[in-house]
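S.K.: The following block contains the structure, expressed as structure tokens.
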Amino acid sequence: MTDPSRSAPAPAPAPAPANGAAPSPSPADGAAPATPAASVPIRVLLADDEHLIRGALAALLGLEDDLVVVAEAASGPEALAMARAHRPDVAVLDLQMPGADGVSVATSLRTALPECRCMIVTSHGRPGHLKRALSAGVKGFVPKTVSAQRLAEIIRTVRAGGRYVDPELAADAISAGDSPLTTREVEVLELAADGAPIAEIAERASLSQGTVRNYLSSAASKLGAENRHTAVRLARERGWV
């Protein structure tokens, strides 16, 4: 018969780990298990004047766990206003928008919101456009034919401090070389693009009609064009106007 006055032997302590480290607390010890910190999603601004394309892209990017579209815009001025209001991490800008094109918006954001990285998405990937974009500090330049999944990957690359330029557009820019046109020649060609008469171009550019003719003639000669209309077309194809 067991003597009730004798206490039961105390349980033996758990053996220490072989490496001498203290054992990890278990849930029974009252300590809550550690949970990994949630990653902060990348805040994206989408700017495109084609509502259907912009809406579809916003919906597709919204399927990505680490991306959130915080604002949309349909023009250059609206893109600037939305960027200032929502302070996105990445602005995805259409090249051609009313009010101001994507490169102009990126140039403004470089000063107004330097922490925002800009990308250009375009269906008009001319070599001159690419060079303008890179000069403005744009970190991504991609055609609109890119898939939404690939675009999401590029957004992550740009947000992380990288740069992405579509290889085909980069090759075209290298082969095209730099624009031979002066700033004034570009200005006059842009004014002539809608078929305005010499007198109107001169008035809008604050130049004499003779000077306008000289600039148009010089631009046509540099481009190998027989007239100003062909000069405008060739300059546009190369992204120089």
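The values are calculated or read from the model by the stated rules, or taken from the named source; none is laboratory data. Because the structure is a prediction, the values reported are computed rather than measured. When we count neighbours, we look across all protein chains shown, and the Cβ atoms used for this are built from the backbone with ideal geometry, even at glycine. To get the accessible areas, we keep the full protein, side chains included, count just its heavy atoms, and leave off ligands, DNA and RNA. Shrake-Rupley method; radii C 1.70, N 1.55, O 1.52, S 1.80 Å.
S.K.: What is the local net charge at Val90, summed over the other residues whose Cβ is closer than 13 Å to its Cβ (Lys, Arg +1; Asp, Glu -1)?
M.R.: +2
S.K.: Could you work out how far the C-alpha centroid of segment 109-163 sits from that of segment 192-218, in angstrom?
M.R.: That distance is 34 Å.
S.K.: I'm a student and want to see the number: the projected area of the Cα convex hull of segment 118-233, averaged over all directions, in nm².
M.R.: Mean projected area for segment 118-233: 8.3 nm², to one decimal.
S.K.: Given C-alpha coordinates of segment 143-199, what is the ratio Rg to Rh with the Kirkwood estimate of Rh?
M.R.: 1.21
S.K.: Right, here's the next one. Quick one: which residues, 5+ away or cross-chain, put their amide H under 5 Å from the amide H of Ile120? H built at 1.01 Å from N.
M.R.: Placed amide hydrogens put Leu93, Gly140, Phe141, Val142 under 5 Å from Ile120.
S.K.: What chymotrypsin sites (Phe, Trp or Tyr not before Pro) does segment 150-241 have in DSSP loop regions with at most 13 other beta carbons within 10 Å?
M.R.: Sparse-neighbourhood loop chymotrypsin sites (Phe, Trp or Tyr not before Pro): none present.
S.K.: Here's something else I'd like to know. Of all alpha-carbon pairs in segment 66-189, indicate the percentage at a distance above 17 angstrom.
M.R.: Distances greater than 17 Å cover 57 percent of the Cα pairs.
S.K.: Find out how many positive minus negative residues lie around Val212, taking Lys and Arg as positive, Asp and Glu as negative, among other residues whose Cβ is under 13 Å from that of Val212.
M.R.: Taking every Cβ under 13 Å from that of Val212, the sum is -1.
S.K.: From largest accessible area down, sort Met97, Met82, Met119; use a 1.4 Å probe on the protein chains.
M.R.: The most accessible residue leads, giving Met82, Met97, Met119.
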